[in-house]
Amino acid sequence: MKTDLSQSEQLLLRDVRNFFLTDTCAEIVGSMNAMVESLLFSADLENVTPTMKGDIVNQLRVVTFLSKLNENCDRGRA
């Protein structure tokens, strides 16, 4: 990490870190999943076919599932 950051840059970095610490990984991935799904199915995307949209959503759902599974495994070890 750079040590020559200005005070405002350090504060911004702290705020970004704190923002991501408020939610779990699974919650962040789930939110991203919801945003991408809403974009895919509300916007007129000419270059994205319905099959591609379905594939993207399914990939996002797998990532969401894996992140939730990882959190549950981490809790089990604690």
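Here, each number is a calculation from the coordinates, and none is a lab measurement. Everything numeric in this text was worked out from a predicted model, so none of it was measured. Neighbour counts run over all protein chains shown; Cβ positions are idealised from the backbone, glycine included.
Annotations for the structure displayed:
- Between residue 66 and residue 8, the FRET efficiency from the beta-carbon distance, with R0 = 30 Å, is close to 0.25.
- Evaluated over the Cα positions of region 24-77, the convex hull gives a direction-averaged projected area, one quarter of its surface, of 3.5 nm².
- The phi-based Karplus calculation (6.51 cos²θ - 1.76 cosθ + 1.60; θ = phi - 60°) puts the 3J(HN,Hα) values of region 69-77 at 4, 4, 4, 5, 5, 5, 5, x, 7 Hz, whole numbers, x for Gly and Pro.
- Counting 0.36 nm for each residue step from residue 48 to residue 24 and taking away their Cα separation leaves a gain of 5.6 nm.
- 3J(HN,Hα) along region 11-27, derived from phi through the Karplus expression 6.51 cos²θ - 1.76 cosθ + 1.60 where θ = phi - 60°, amounts to 5, 5, 4, 4, 5, 5, 4, 4, 4, 6, 7, 6, 10, 6, 4, 4, 5 Hz, with x in place of Gly and Pro.
- Each stretch of four or more DSSP H residues adds -39500 (n - 2.57); spread over every residue of the chain, this sum gives -27000 deg cm²/dmol at 222 nm.
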